[in-house]
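Student: One structure is given below, represented as structure tokens, and several questions about it will come after.
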Amino acid sequence: MLSTYLPVLLQVLVVIGFAAIVLILSVVFGRSAKRNATKDIPYECGMLPVGEGAPRFSVKFYLVAMLFVIFDIEVVFMYPWALQFRDLARLNPVVLVSMAGFAGSLAVAYVYALKKGALNWKY
């Protein structure tokens with residue numbers, strides 16, 4: 001049984017050994033640079049960084065983006081169903097009821113997001 005896993009074990013040992021050797025060699029042969037204030041500032045495409053970094057965005061932007069992705073994915077699930085509806089309805093009429101339940105849960109989620117104020121931009 002061990003002979004079947006021997007090549008995998010050998011490869012794992014070689015990878016760990018190589019990583020350890022490379023790290024040790026970089027410490028031994030690498031030069032530690034002298035630090036100063038000019039070298040420690042962030043590089044911004046050749047421009048000196050002036051002022052604060054990027055402005056902070058409200059969590060509302062990210063919340064709306066997540067809601068968009070969620071509802072967009074739901075529409076992606078509805079598209080293939082709509083293309084095959086005629087064939088599916090012939091085989092089993094429960095298909096319409098199942099999609100109505102799916103769309104109903106989507107509507108409930110949308111109403112919940114509205115009630116929670118997730119789409120309110122005033123604050």
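Student: Output the qualifying pairs, or none if there are none: Cβ atoms under 7 angstrom, residues six or more apart or on different chains, first residue in the range 50-63 and surrounded by 10 or more Cβ atoms within 10 Å (Cβ to Cβ), second residue of a type in the set (Phe, Trp, Tyr) and not in a helix (DSSP H, G or I).
Tutor: 60/121
Per-residue answers, yes or no, for (1) on the phi > 0 side of the Ramachandran plot; (2) assigned to a loop (DSSP other than H, G, I, E, B); (3) out of contact with any Asp or Glu (no Cβ under 8 Å at 6 or more places or on another chain); (4) not polar (S, T, N, Q):
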| position | (1), (2), (3), (4) |
| --- | --- |
| 54 | no, yes, yes, yes |
| 76 | no, no, yes, yes |
| 87 | no, no, yes, yes |
| 90 | no, no, yes, yes |
| 96 | no, no, yes, yes |
| 99 | no, no, yes, yes |
| 105 | no, no, yes, no |
| 111 | no, no, yes, yes |
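Student: Still on this structure: What tally of residues in the range 48-86 results from selecting those that are under 20 Å from the mean Cα position of the chain (by Cα) and within 16 Å of residue 98 (Cβ to Cβ)?
Tutor: Here the count works out to 2.
Student: For the range 29-50, state whether one or more residues are modelled with pLDDT of 85 or more and over 30 Å from residue 119 (Cβ atoms). If you could, list the steps in order and put the result at the bottom.
Tutor: Going through the range 29-50, the residues modelled with pLDDT of 85 or more turn out to be 29.
Within this subset, residues satisfying the condition of being over 30 Å from residue 119 (Cβ atoms) are 29.
Yes; the residues of the range 29-50 include at least one that is modelled with pLDDT of 85 or more and over 30 Å from residue 119 (Cβ atoms).
Student: Among (1) among the β-branched types (Val, Ile, Thr); (2) over 30 Å from residue 114 (Cβ atoms); (3) in a helix (DSSP H, G or I), where does residue 64 come up short?
Tutor: (2)
The values are calculated or read from the model by the stated rules, or taken from the named source; none is laboratory data. Since this is a predicted model, take the numbers as computed values, not measurements. When we count neighbours, we look across all protein chains shown, and the Cβ atoms used for this are built from the backbone with ideal geometry, even at glycine.
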